[in-house]
Amino acid sequence: MNNSNKNNKDEKKIVLKIFRENTAQKTDRHYDKFNVPYKKWTTVLDALLHVKSYMDPSVAIRYSCRMASCGSCGMKINGIPRLACYTKISELETSTIECEPLPNLPVIRDLVTDFSRFFNHHKNVQPYIQSNDGVDDSDTEKKTFSFYQSPDDVDKYLQFSYCIKCGLCYSACPTVGTDLKFPGPQALAQLYRYFADTRDEAKNRLDIVDDRHGIWRCHFAGSCSKVCPKGVDPALGIQLLRSYMLGISKNEKKLAKKIEIKTNEENI
Amino acid sequence: MKELEHDSRNNLEGLKGWLNPSRYGWERISYWFQRITGVFLLIYFIGHVYETSTIVNGQNAWESFLELTQTVWGHLFLIMVIGASTFHSANGIRLIFTHVGIGLGTPGRPDYPYNPSSLNYRQKSGIWIALILSAAAMYYGFTVLFGE
Ligand code: HEM
Ligand code: SF4
Ligand code: FES
């Protein structure tokens, strides 16, 4: 009894200041404050779930994996886009933690934003391997073909393929903040990811972003790479892509050799 | 480029977010200064062309315009021009290289804590050097303009 009282007294608390708005019901924008207990390892997502469980179940958040893999819990925490599940309260070192929806994405409700525009930009750069002879990476899944790539070939794009589409970079980018048609760091980095892949033979992918609102709007403010939780470094991908588009670095890409796999049935 | 749906401007950071460069490290500050100084230099440049063209109205017109720079505020304005042009040129040369992917490192296999190679210390030093050169040039300008 005594012991648990003592524990309660020692329990550290944080003020969680949460942005509230229900766009469909046109409610006023305001902030709600909650006093939440936390431990050294409590993440902002844990604290938000505590609020939902014990204080106000109506707080809207989006999350799934709780381990920086699904990319759904992005929000502005103390002014900077971060993953709530990847941000510990103890590392923020403030007595109040402000949670707001990710900037540059329309608010649906509270901390949940609409990713349609972001995903449209992603789709727009054709983020899949294209080939001229109809053999593509779906054939590797069917195990009828395999592509030969050296570890060096893989290293050219692997980093960019770690993107979890969390939208943090899109939120941090100053160009996105004023130009909705700009593809944003995520989509541009993905374009480079497929461009640099030796399995990809797409001819016109670069034309997609060679546009007034395209890659040339990047001014290398670096904020995308600063906030990316997966080390994708979209700013690097964009500058490397621009280097090709300006003809500074030559595209010496050698296409990966395709090897037909003889299935067992044929051998029998 | 294909028109995209969902063009809602709800929650865009816009100019308000732009005006605060302090949240994202030195590269964002560099971007911010490059634009501020660029626009400032453009304004100066227009004024400069206007000023030099007053010569067509005779020496008096030219000299009366030049008088403006002989005041304390005129001196301070010129010191700003010195600082802005020094930073803008030095950092601009760095940006010309970065914009074509030079000096940013190569893609690799990222590992925790995921320090992005494009935000490396060579780049940060470039920004610091541009700022230091700019401060030094302004100091020199100050001693010349406000000195004996
Ligand atoms: C040695 C001289 C100069 C160099 C090396 C230089 C370099 C650059 C570079 C690389 C940029 C692009 C920055 C970016 O993409 O974010 C830029 C932007 C700009 N510059 Fe210069 N510049 C110089 C002189 C000038 C002068 C004399 C003016 C004014 C008349 C000027 C006005 C601008 C403006 C308005 C911008 C746009 C800012 C922006 O895009 O963020 N520059 N400069
Ligand atoms: S590049 Fe990084 S910050 Fe941007 S969406 Fe992908 S994982 Fe998120
Ligand atoms: S909950 Fe999946 S990334 Fe945070």
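The values are calculated or read from the model by the stated rules, or taken from the named source; none is laboratory data. Only a predicted model underlies this, so the values are computations on that prediction, with no experimental measurement involved. Neighbour counts run over all protein chains shown; Cβ positions are idealised from the backbone, glycine included. For accessibility, only protein heavy atoms count, side chains too; no ligands or nucleic acids. Shrake-Rupley method; radii C 1.70, N 1.55, O 1.52, S 1.80 Å.
Couple of notes before you dig in:
- Ranking B:Leu66, B:Leu19, B:Phe40 by how far each Cα lies toward the positive end of the dipole of segment B:5-121 (charges on Cβ) leaves B:Leu19 at the top.
- Debye equation applied to the C-alpha atoms of chain A, log10 I(q)/I(0) at 0.15 Å⁻¹: -1.06
- Percent RCO, i.e. relative contact order, over chain A, from Cα pairs under 8 Å lying at least 6 residues apart: 17
- Heavy-atom SASA rank of A:Ile261, B:Ile93 (probe 1.4 Å, accessible area, largest first): B:Ile93, A:Ile261
- Based on every Cα atom in chain B, Rg and the maximum pairwise Cα distance Dmax equal 20.8, 68 Å.
- The charge dipole of the protein assembly as shown, taken about its Cα centre with unit charges on the Cβ of Lys, Arg, Asp and Glu (plus for the first two, minus for the last two), comes to roughly 1080 debye.
- Accessible area of chain A belonging to carbon and sulfur atoms, whole % at 1.4 Å probe: 49
- B:Phe45 accessible area, assembled protein chains, probe 1.4 Å, Å²: 120
- Test item: Cα-centred dipole of segment A:116-257, Lys/Arg +1 and Asp/Glu -1 on Cβ, debye: 360
- Per residue, the convex hull around the alpha carbon atoms of segment A:2-113 comes to 107 Å³.
- Looking at segment B:53-135, the accessible area is 60 square angstrom per residue; that uses a 1.4 Å probe and ignores ligands, DNA and RNA.
- Zone residues, segment A:31-66, relative to A:Glu93, backbone N less than 20 Å from point 7 Å out along Cα-to-Cβ: A:38-44
- Only Cα pairs under 8 Å and 6+ residues apart enter the sum, and on that basis the relative contact order of chain B stands at 26 percent.
- In segment A:125-268, taking the dipole from charged Cβ atoms about the Cα centre, the farthest positive-side position among A:Gly247, A:Thr144, A:Ala172 is held by A:Ala172.
- Peptide B:55-68, shielding by other chains (average Cβ, 10 Å cutoff): 0
- Accessible surface of segment B:8-148 [probe 1.4 Å, protein heavy atoms]: carbon and sulfur percent: 69
- Against the criterion of solvent-accessible heavy-atom surface with a 1.4 angstrom probe, B:Phe146, A:Phe115, A:Phe145 sort, most first, into B:Phe146, A:Phe145, A:Phe115.
- Sparsely packed loop sites in segment A:92-172 (the GluC sites (Glu not before Pro) outside DSSP H, G, I, E and B with at most 10 other Cβ atoms within 10 Å) comprise A:Glu93.
- The alpha-carbon atoms of segment A:116-257 define a convex hull whose volume equals 114 cubic angstrom per residue.
- Length added when fully stretched, B:Thr52-B:Arg23, from 0.36 nm per residue minus Cα-Cα: 6.3 nm
- Given A:Lys33/A:Lys230; A:Lys88/A:Lys226; A:Lys250/B:Lys124, the pairs whose alpha carbons are separated by over 19 Å: A:Lys33/A:Lys230; A:Lys250/B:Lys124
- Spin-label model, B:Phe45 to A:Val154: label points 7 Å out along the Cα-to-beta-carbon direction sit 4.9 nm apart.
- Only protein heavy atoms count here; on that basis, with a 1.4 Å probe, A:Arg82 has an accessible area of about 60 Å².
- With a 10 Å cut-off around each Cβ of A:224-237, the average count of Cβ atoms from other chains is 6.
- Total buried accessible area between A and B, probe 1.4 Å, nearest 100: 4200 Å².
- Evaluated with a Cβ-only charge set (Lys, Arg +1; Asp, Glu -1), segment B:1-111 carries a dipole of roughly 380 debye about its Cα centre, given to the nearest 20.
- The figure for A:Val112 is an accessible area of roughly 20 square angstrom, using a 1.4 Å probe on the protein chains alone.
- Test item: B:34-43 mean partner chain Cβ contacts at 10 Å: 1
- Calculated FRET value between B:Tyr139 and A:Trp41, using beta carbons and R₀ = 56 Å, to 0.05: 0.70
- Candidates B:Leu133, A:Ala196, A:Met75 compared by Cα position along the dipole of the protein assembly as shown: farthest toward the positive end lies A:Met75, with charges placed on Cβ.
- Protein-only accessible surface order, largest first, of A:Glu11, A:Glu252 at 1.4 Å: A:Glu252, A:Glu11
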